[in-house]
Amino acid sequence: MAGIDDFGSKHPEHPAFRQISMAGPLHCEGALAALRMIDRCRWTKHLVRRDELRDSDVLTLVGLDMEGRMVRERDLNAAFAAQRKRLAARLSASTDLLSRNIRKLADLLRLNDAEQIVLRLAIIMTRIENFRDLFALVMPSAWDMRRAIVAGSGLTQSQVHLALSEDRVLRRAGIFAQLNPFEQTLNPLEVERRVLCALLAPRFDEERFVRSLVRSSPPPTLQMPDFAHDPLGNAIHDYLLRVLGRRSKGVNILLYGSPGTGKTEFARAVAAAVRGHLHEVPNENEERRPLSGRARFHAYALCQSVLAHRRRQLLLFDEVEDVFGSADGSLTPGFGPRQYDPDSIRKSWINETLETNRVPAIWICNTITGMDAAFLRRFDVIAEFKPPGRAVRRQLIDRYFPAEILTDACAARLAELESLAPAQLERASRVVRLLKGRGTTQDIIVHDLILATARAMGQEQTLLSPTVPDYYEPAFLNPDRDLESIKQGLLRHPSARLCLHGPPGTGKTAFAHHLGVVLNRPVIVKRGSELLGMYVGETEKRIRKAFDQARADEAILVIDEADGFLRDRARADRRWEVTQVNEFLTQMEAFDGILVASTNLVDTLDRASLRRFDFKIKFDYLRREQRRAMLLRVASDATDQDNSHAIHRVDSLGLLTPGDFANALRQLHVTGEAPTAARLVELLTGEVAIKQEARHRPIGFVVG
């Protein structure tokens, strides 16, 4: 508004107001809206204190200025009335760029005329910062703010109430920065930054607006067959295929699991498989700064409305803890009265969005622990992602590392790492490709890269299962049951629970590995030390994980040193000792594979657990003919007739086990000596002497 005009009283005690230039028609429109609010809500009394104007920025807002700060309330009212009359006469129905942009957005969001008018007022109040100064002075209540919006928009009270209802698009679509426009009302209708920029641009570009909110998902690096180990993978694929064709509402899928287990890659792979266009809600802005959960949910809600008219659209929201973790009451409640959190998200808004979203959404998080059940029950599919089984791990290793990069032996070792995830392989492969041709050993680099990442992530890596020695033969075992008939039965029906007990070294664990060779199944060995946790409930979780892994790998599960956590519950002193036995028995009953538990102390095992084993097989010390046969098998000079003395001596060693022979051979390997019969018998005699000493050692203190 060009020019400066003086008006007001000519009395020297009364101020002279003058009009000032304003920054374009939008400012003029905002000034008229502010004057109508001040008049309707009678806010002038808040602007003057003891005949002094409290803040001159309010005059700037309405396009006025005055000399000094002394003014009476009635004079200020008169100046405002005159200015309101002038602005109303000069402003007409606007056909500017903002109106055209609002109409384009209204077509996408299906906004009615009243909602468009409220949106226009909100943009003006956000664009002109002096509105915040006005509201800071008058400190309006929620009721006053509704009256002010009615006055500023020219709508009726019922129209404004309906336009700003929680179930209408303006609130549900995330257009406003505040989820409740009548809380923290320094600017009750502050428009979300990205919406504001799009509507104030020379031309509203729908695609650019969408890209400011979400990013187009990159092509997947894995395909659906790579997720064959996930039992719900195909179900999710078929479900999305059908709902995309029907354009169903309220379709939500939740994927959770440890980092790196392929959740995001699965989402991209399944979107590509159903020919959907996947958009991902980013967790950082253009300046690479992290976005709050509230800002991310705003973007998600807006895209739900903007993309609804497009076909075969999908939305991916990763790290959903940002949303469900900040929702009122969604996680562990705090102590004392709840404080206002500007980043909090109303639980009701989340629930409403989950029930009415028109674009199918895939949500991803690492854990659902503590997530409100009200959220969980609104998901159509909830799928837990676990590290892939051994067979799938080997397939992924072969895909990422061809034979010319990684040897078969190293690939086999890596496939044994039970927590190995696709993301770890993909990153290690990227590093190795860049290092290729520099003369380094690829096996060592790949192995060390993956193990270093696993350690950094706190993942427990199971050691490679020991292999059956070359000299192993079932004939060197001394069980009280026919093992051959058991093996033949397992070949026909690979489901049984075996308890192998007896002295250490009698071949219990070796027999389990022998079964793996015979049945062509992997063997997973879990020792008591691996399953026992230091926190209450941790042991139970590890037991469940061991059985789940065996199912996924179709492996023989070997629980070594089972007496460490299967003690008789009747002798338990602590509750957790009972619960871990209960958990083991529950998992044991539900397991339809092959379970082998080995123990040296069968008398200490819980009676109920012993009853549940199909076979209880005692492995005893070697018989005399077995001791002689094993010596002849492993000694380098066993055929020499001069060794008859050594053979006679081994006949007299009544406490020998296959493990004693293994110990003797390892000793000779370290010293570099040849495994002659005489030297072996000498070492075996020492092993037996230690056992005899242990048997006759007195218990308690010996008084000399």
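The values are calculated or read from the model by the stated rules, or taken from the named source; none is laboratory data. The shown structure was predicted, so the numbers you read here are calculated from the model rather than taken from an experiment. All Cβ positions, even for glycine, are placed from backbone atoms using ideal geometry, and neighbour counts span all protein chains on display. Note: accessible area is taken over every heavy atom of the protein model, side chains too, but ligands, DNA and RNA are not part of it. Shrake-Rupley method; radii C 1.70, N 1.55, O 1.52, S 1.80 Å.
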Considering only 225, 680, 169, whose Cα is most displaced toward the positive end of the charge dipole of the chain, charges sitting on Cβ of Lys, Arg (+1) and Asp, Glu (-1)?
169
Can you list the residues of the stretch 478-505 with backbone N under 16 Å from a point 7 Å past the Cα of residue 629, pointing along Cα to Cβ?
478-485
Report the accessible area of residue 70, computed with a 1.4 Å probe over the heavy atoms of all protein chains in place, in Å² rounded to the nearest 10.
120 Å²
Run the numbers on the stretch 108-237 and let me know its relative contact order in percent, using alpha-carbon pairs under 8 Å that are six or more apart.
24 percent
With every protein chain left in place, what is the accessible area per residue of the stretch 134-204 in square angstrom, probe 1.4 Å?
40 Å²
Can you list which of the trypsin sites (Lys or Arg not before Pro) found in the stretch 72-165 are DSSP loop residues with at most 15 other C-beta atoms within 10 Å?
72, 110
Classify the chain from the C-alpha gyration tensor, please: rounded if a/c falls under 1.5, else prolate or oblate depending on whether a/b exceeds b/c.
prolate
Checked against the positive end of the charge dipole of the stretch 362-436 (+1 on Cβ of Lys and Arg, -1 on Cβ of Asp and Glu, about the Cα centre), the farthest of 376, 388, 406 is 406
Which order do 20, 594, 444 take when ranked by solvent-accessible area (1.4 Å probe, heavy atoms of all protein chains), largest first?
444, 20, 594
Here the stretch 508-520 yields Karplus 3J(HN,Hα) values (6.51, -1.76, 1.60; θ = phi - 60°; whole Hz; Gly and Pro given as x) of 5, 5, 4, 5, 4, 5, 4, 4, x, 5, 5, 8, 6
Using only Cα atoms, what is the ratio of the radius of gyration of the stretch 127-171 to 2.2 N^0.38 Å?
1.25
Can you sort 514, 298 by 1.4 Å-probe accessible area, starting with the largest?
514, 298
Built amide H within the under 5 Å cut-off of residue 190, gap 5+:
177, 178
Once the Cβ-Cβ distance between residue 590 and residue 493 is put in as r, and R0 is 22 Å, what FRET efficiency do you end up with, to the nearest 0.05?
0.80
Separation in nanometres of the label points that stand 7 Å from Cα toward Cβ, at residue 55 and residue 311
5.3 nm
Residue 211-residue 110 FRET efficiency (beta carbon distance; Förster radius 25 Å; 0.05 resolution):
0.70
In the stretch 34-55, which residues have a backbone nitrogen under 16 Å from the label point lying 7 Å from residue 73's Cα in the Cα-to-Cβ direction?
38-55
Rounding to the nearest 20 debye, state how big the charge dipole of the stretch 47-96 is about its Cα centre with +1 on each Lys and Arg Cβ and -1 on each Asp and Glu Cβ.
240 debye
Helix 25-41 sits at what angle to the longest principal axis of the chain, using alpha carbons and giving 0 to 90 degrees rounded to 10?
80 degrees
Could you tell me which GluC sites (Glu not before Pro) in the stretch 174-272 are loop residues by DSSP with no more than 13 other beta carbons within 10 angstrom of their beta carbon?
183
What figure in square angstrom, to the nearest 10, would you give for the accessible area of residue 75 with a 1.4 Å probe?
30 Å²
How far is it, in nm, from the label point at residue 376 to the one at residue 652 when both lie 7 Å from their Cα along the line to the Cβ?
6.8 nm
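Over the stretch 12-125, calculate the relative contact order: mean separation of alpha carbon pairs under 8 Å at least 6 apart, over the residue count, as a percent. Could you put the intermediate results ahead of the total?
Numbers: 92 pairs, mean separation 37.1, N = 114.
Relative CO of the stretch 12-125 lands at 33 percent.
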In degrees from 0 to 90, rounded to the nearest 10, what is the angle of the helix 293-306 Cα long axis to the longest principal axis of the chain?
70 degrees
Taking R0 as 22 Å, what's the FRET efficiency between residue 452 and residue 667 from their Cβ-Cβ distance, rounded to 0.05?
0.05
Let me spell out the model: positive unit charges on the Cβ of Lys and Arg, negative unit charges on the Cβ of Asp and Glu, origin at the Cα centre of the stretch 153-308. What dipole size does that give, in debye rounded to 20?
260 debye
Just read off the accessible area of residue 495 with the full protein assembly in place, 1.4 Å probe, to the nearest 10 Å².
60 Å²
State the antiparallel share, in %, of DSSP beta bridges confined to the chain, rounding to the nearest 5.
30 percent
Tabulate in residue order the Karplus-calculated ³J(HN,Hα) for the stretch 423-429, using 6.51 cos²θ - 1.76 cosθ + 1.60 with θ = phi - 60°, rounded to whole Hz; enter x for Gly and Pro.
4, 5, 5, 4, 6, 5, 4
Ignoring ligands, DNA and RNA, how do 263, 618, 45, 249 rank by accessible area with a 1.4 Å probe, largest first?
249, 45, 618, 263
Spin-label model distance (nm) - residue 186 vs residue 203, 7 Å beyond Cα toward Cβ
3.7 nm
Low-density loop positions, GluC sites (Glu not before Pro), the stretch 384-416 - DSSP coil, at most 10 other Cβ in 10 Å
404
Using only Cα atoms, find the angle between the long axis of helix 624-634 and the longest principal axis of the chain, and express it within 0 to 90 degrees, rounded to the nearest 10.
70 degrees
Quick check for me: using +1 on Lys/Arg Cβ and -1 on Asp/Glu Cβ, what's the dipole size of the chain about its Cα centre, in debye to the nearest 20?
2180 debye
